[in-house]
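The values are calculated or read from the model by the stated rules, or taken from the named source; none is laboratory data. Treat the numbers as computed from the prediction; the structure is a model and nothing was measured. Cβ placement follows ideal geometry from the backbone for every residue including glycine, while neighbour counts extend to all protein chains displayed. Protein only, heavy atoms only, side chains kept; ligands, DNA and RNA dropped before computing areas. Shrake-Rupley method; radii C 1.70, N 1.55, O 1.52, S 1.80 Å.
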Amino acid sequence: MSAQDEAVVRRFYEEMNNDRKNELADELFTADHRMHDPQVPCDPGPAGITAVISAYQRGVDGHWHIEEIFSAGDRVVVRWTGSGTHVADMNGIPPTGRSVTVDAISIHRLSGGKIAETWEVWDTLGFLQQLGVVPTA
């Protein structure tokens, strides 16, 4: 199952996120998918994750690059880099035109061939500093 689970998660990053195929959400996520990310509020299910991803697709013209992917049991771990240019309102921050690059790690739990739960940590401080809304040290 590990290779199949990794393929589902890879489709999330490459097809849904990067290729902007948000209609894949129902295919990739369970109806009750839960996102655990203290910086990113997300409603449950495919519609919730689509809303979150759409915000970054629009706000920073986002691109997600998988640096590393591996699995164990029903979990798939992805170390990824998000990048883009801040071109539209993002979390109440008006567009700055600045380029951003953010490192992150996500753990996805799969059930029945779909992503059922996601835990995510990313460099929120670095993101805000690159946008110029938080001073650098």
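Tell me, in nm to one decimal, what length is gained between residue 31 and residue 105 on full extension, where the rule is 0.36 nm per residue of separation less the Cα-Cα distance? Walk me through the numbers on the way to the answer.
Values: separation 74, 0.36 × 74 = 26.64 nm, distance 2.31 nm.
In short, 24.3 nm is gained.
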Scoring segment 21-81 by relative contact order with C-alpha pairs under 8 Å, at least six apart, yields a percentage of 21 percent
A chain fully extended from residue 87 to residue 51 at 0.36 nm per residue, minus the present Cα-Cα distance, gains in nm 11.2 nm
Heavy-atom accessible area of segment 1-65 with neighbours in place, 1.4 angstrom probe: carbon+sulfur share in percent works out to 51 percent
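Net charge near residue 73: determine it from the other residues with C-beta under 12 Å of the C-beta of residue 73, scoring Lys and Arg +1 and Asp and Glu -1. Write down the numbers at each step before the final one.
Details: positive: 75, 109; negative: 5, 74.
My count for the surroundings of residue 73 gives 0.
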In deg cm²/dmol, rounded to the nearest 500, the helical mean residue ellipticity at 222 nm of the chain, built from -39500 (n - 2.57) for every DSSP H run of length 4 or more, is -7500 deg cm²/dmol
For the chain, the longest principal axis of the Cα atoms and the Cα long axis of helix 2-11 enclose an angle in degrees, to the nearest 10, of 40 degrees
Place a point 7 Å from the Cα of residue 66 in the direction of its beta carbon; the residues of segment 16-50 whose amide N falls under 19 Å from it are 16-30, 50
Other residues with Cβ under 13 Å from the Cβ of residue 126 give, with Lys and Arg +1 and Asp and Glu -1, a net charge of -1
At R0 = 41 Å the Cβ-Cβ FRET efficiency linking residue 98 and residue 77, nearest 0.05, sits at 0.90
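Hey, can you find the accessible area per residue of segment 1-114 for me, probe 1.4 Å, expressed in square angstrom? Intermediate results must be reported in sequence, preceding the final value.
Values: 5770 Å² over 114 residues.
For segment 1-114, the per-residue accessible area is 51 Å².
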